[in-house]
1. Under 13 Å from a point placed 7 Å out from the Cα of T51 along the Cα-to-Cβ direction: which residues of segment 188-207 have their backbone N that close?
2. Nearest 500 deg cm²/dmol is fine: what mean residue ellipticity at 222 nm does the chain get from its DSSP H runs of n ≥ 4 alone, each adding -39,500 (n - 2.57), divided by its residue count?
3. List the GluC sites (Glu not before Pro) in segment 114-196 that DSSP assigns to loop (not H, G, I, E or B) and whose Cβ has at most 12 other Cβ atoms within 10 Å. Which are they?
4. At q = 0.09, 0.12, 0.15 Å⁻¹, what is the log10 ratio I(q)/I(0) for segment 31-205, with the Debye formula run over Cα points and no solvent?
5. Subtracting the Cα-Cα distance from 0.36 nm times the residue separation, let me have the gained length for Q13 to S42 in nm, one decimal.
6. Simple spin-label model, 7 Å along Cα-to-Cβ: I5 to L178 in nm?
7. Please report the base-10 log of the normalised intensity I(q)/I(0) for segment 96-186, using a Debye sum with one equal scatterer per alpha carbon and no solvent, at each q in 0.12, 0.19, 0.26 (1/Å).
8. Net charge around F11, counting only other residues with Cβ within less than 13 Å of its Cβ (Lys, Arg = +1; Asp, Glu = -1)?
Amino acid sequence: MKKLIDGAVAFRQNDFETHEQLFSELGRQQNPHTLFIGCSDSRLVPAMITTTQPGELFIVRNVANIVPPYQRSGEYLATISAIEFAIQALEVENIVICGHSNCGGCAALYQPAAYFDKLPHTRKWLELALPVKEKVLAMLPEGSHASREWLTEQMNIVEQIHHLLTYPYIAEKYEKGLLTISGWYYIIETGEIYSYNSAKGFFELIN
Ligand SMILES: [Zn+2]
């Protein structure tokens with residue numbers, strides 16, 4: 001805990017002073033351009049990998065960067081309400097769904113039932129991604145652990161894009177060209193970011 005408090009002191013003395021004007025402007029309002037939906041993983045740092053300042057990203061994070069389908073919106077209010085607020089109240093122009101390499105949430109889909117004995121809510125949450133596992137097992141019935149891992153992580157991102165489009169207000173804005181939707185796959189150890197090209201059906205390096 002001391003590390004965090006020392007960090008708070010250092011922040012106020014250093015970064016805050018550097019950006020004092022920006023924080024002053026942000027004091028009363030935010031006008032983010034992007035809804036960033038990322039995994040909760042500590043190694044994924046949205047502002048760092050996008051080189052963005054406070055006020056630019058409205059961030060939703062959860063285990064395995066999942067977007068519940070709209071028809072189940074009553075069950076998963078935390079994620080759904082944040083998405084709704086970003087689109088309907090803040091009127092962001094972009095949505096980025098960002099998954100990553102070595103994702104523990106995606107890997108957990110392949111764990112035996114006993115793994116979830118102490119993780120009952122994690123198990124229920126990850127049920128939303130079980131269709132991804134089924135697709136991967138159908139595509140790679142004999143696949144290695146490594147090949148299943150990256151395919152699951154990438155297909156999970158594509159699945160969540162489809163889920164986003166089940167939201168009527170997102171589909172409407174997307175079809176009118178008022179909203180972009182991107183699916184990013186971030187490789188932790190290289191810093192590479194691959195973006196899903198829906199026309200080609202695969203991820204392309206963008207950085
Ligand atoms: Zn993850």
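Every read-out reported here was derived from the displayed coordinates using simple, explicitly stated rules and does not represent laboratory data. No experiment lies behind these values; they were computed from the predicted model shown. All Cβ positions, glycine included, derive from the backbone under ideal geometry; neighbour counts span all protein chains shown.
1. Taking a point 7 Å out along Cα→Cβ of T51, the residues of segment 188-207 whose backbone N falls under 13 Å are 207.
2. Details: 10 runs with 86 residues, N = 207.
Rounded to the nearest 500, it is -11500 deg cm²/dmol.
3. Working: sites: E127, E134, E142, E149, E153, E159, E172, E175, E189, E192; in loops: E142, E189, E192.
Loop-located and lightly packed - E142, E189.
4. So the normalised log intensities work out to -0.30, -0.54, -0.85.
5. 8.0 nm
6. Modelled inter-label distance: 4.8 nm.
7. -0.43, -0.92, -1.29
8. It works out to a net charge of -2.
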